[in-house]
Amino acid sequence: MVTSNAPLIVEDARELPLLHNNLAISDLNVIAYLGVPLRTSEGYNLGSLCVIDDKPRTWSSEDLQTLTDLAELVMTEITVRQYLHQQKEIQKALEESNTLLQGVILGSNDGIYVRDLEGRYLLVNEIGAAILGLTPQEMIGKKYRELFSAEIVA
């Protein structure tokens, strides 16, 4: 099933030459089997989702459709979890990069100012603040015009 990427439908495993000696029949009483592959969107087969019965069973098209739908839900859940894991890894890398960048900025011997698109100071090192006669804490979150009077700015 995994290599063919097709459902495996077995009504009575005892009657199939390929399966009649399988220990699942005698040890686990697996007589009927319905399985569908679990396949990623990239085409990798992860395994299968299956249901079994301990007696012969004719699997209906509804049974197959239900199991196929469940397999799609399983793959959606796996995909979402994989995406969330990747996002956590990206967030961790961004935080590490931000910490490194902050260290460079704060440790610089030059005055450095980082502002957002509206002009608010996001990060200011000690030297940059001292050039303007302020502390970084006084500047963070404010715009230049909020720190200095209109006469000085003009």
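The values are calculated or read from the model by the stated rules, or taken from the named source; none is laboratory data. Quick caveat: nothing in here was measured; it's all calculated off a predicted structure. With ideal geometry, Cβ positions are generated from the backbone for all residues, glycine too; neighbour counts draw on all protein chains shown. Ligands, DNA and RNA are stripped out before the accessible areas are found, and what is left, the full protein with its side chains, is counted by its heavy atoms. Shrake-Rupley method; radii C 1.70, N 1.55, O 1.52, S 1.80 Å.
Among the residues of region 93-109, those identified as open to solvent by less than 100 Å² (accessible area, probe 1.4 Å) and outside any helix (DSSP H, G or I) are Gly107, Ser108.
For region 10-18, the condition of being exposed (fewer than 11 other Cβ atoms within 10 Å of the Cβ) and either modelled with pLDDT of 90 or more or out of contact with any Asp or Glu (no Cβ under 9 Å at 6 or more places or on another chain) (or both) holds for at least one residue. Filtering region 81-131 to residues that are aromatic (Phe, Trp, Tyr) and under 23 Å from Glu146 (Cβ atoms) leaves Tyr113, Tyr121.
A count restricted to region 23-50 and to residues that are farther than 30 Å from Glu77 by Cβ and either surrounded by 14 or more Cβ atoms within 10 Å (Cβ to Cβ) or not acidic (Asp, Glu) (or both) stands at 3. Consider region 110-144 and keep the residues that are out of contact with any strand residue (DSSP E or B) (no Cβ under 9 Å at 6 or more places or on another chain) and touching a residue at least 24 places away in the same chain (Cβ under 8 Å). The one that is most open to solvent (accessible area, probe 1.4 Å) is Glu118.
Taking Leu84, is it assigned to a helix (DSSP H, G or I), out of contact with any Ser or Thr (no Cβ under 9 Å at 6 or more places or on another chain), without any contact (Cβ under 8 Å) to a residue 24 or more places away in the chain and more than 30 Å from Leu123 (Cβ to Cβ)?
Numbers: assigned to a helix (DSSP H, G or I): yes; out of contact with any Ser or Thr (no Cβ under 9 Å at 6 or more places or on another chain): yes; without any contact (Cβ under 8 Å) to a residue 24 or more places away in the chain: yes; more than 30 Å from Leu123 (Cβ to Cβ): no.
No; evaluated as a whole, the condition is false for this residue.
Considering region 52-68, the residues that are in a helix (DSSP H, G or I) and over 20 Å from Arg39 (Cβ atoms) include one that is most open to solvent (accessible area, probe 1.4 Å), namely Glu62.
What number of residues within region 121-137 satisfy the criterion of being among the aliphatic types (A, V, I, L, M) and either assigned to a strand (DSSP E or B) or at positive phi (or both)?
The total comes to 3.
Taking the stated definitions as given, is Glu77 of a type in the set (D, E, K, R), open to solvent by 80 Å² or more (accessible area, probe 1.4 Å), more than 30 Å from Leu123 (Cα to Cα) and free of Cβ contacts under 8 Å to residues at least 24 places away in the same chain? Answer is yes for this residue.
For Asp53, state whether it is in contact (Cβ under 8 Å) with a residue 24 or more places away in the chain and of a type in the set (D, E, K, R).
no
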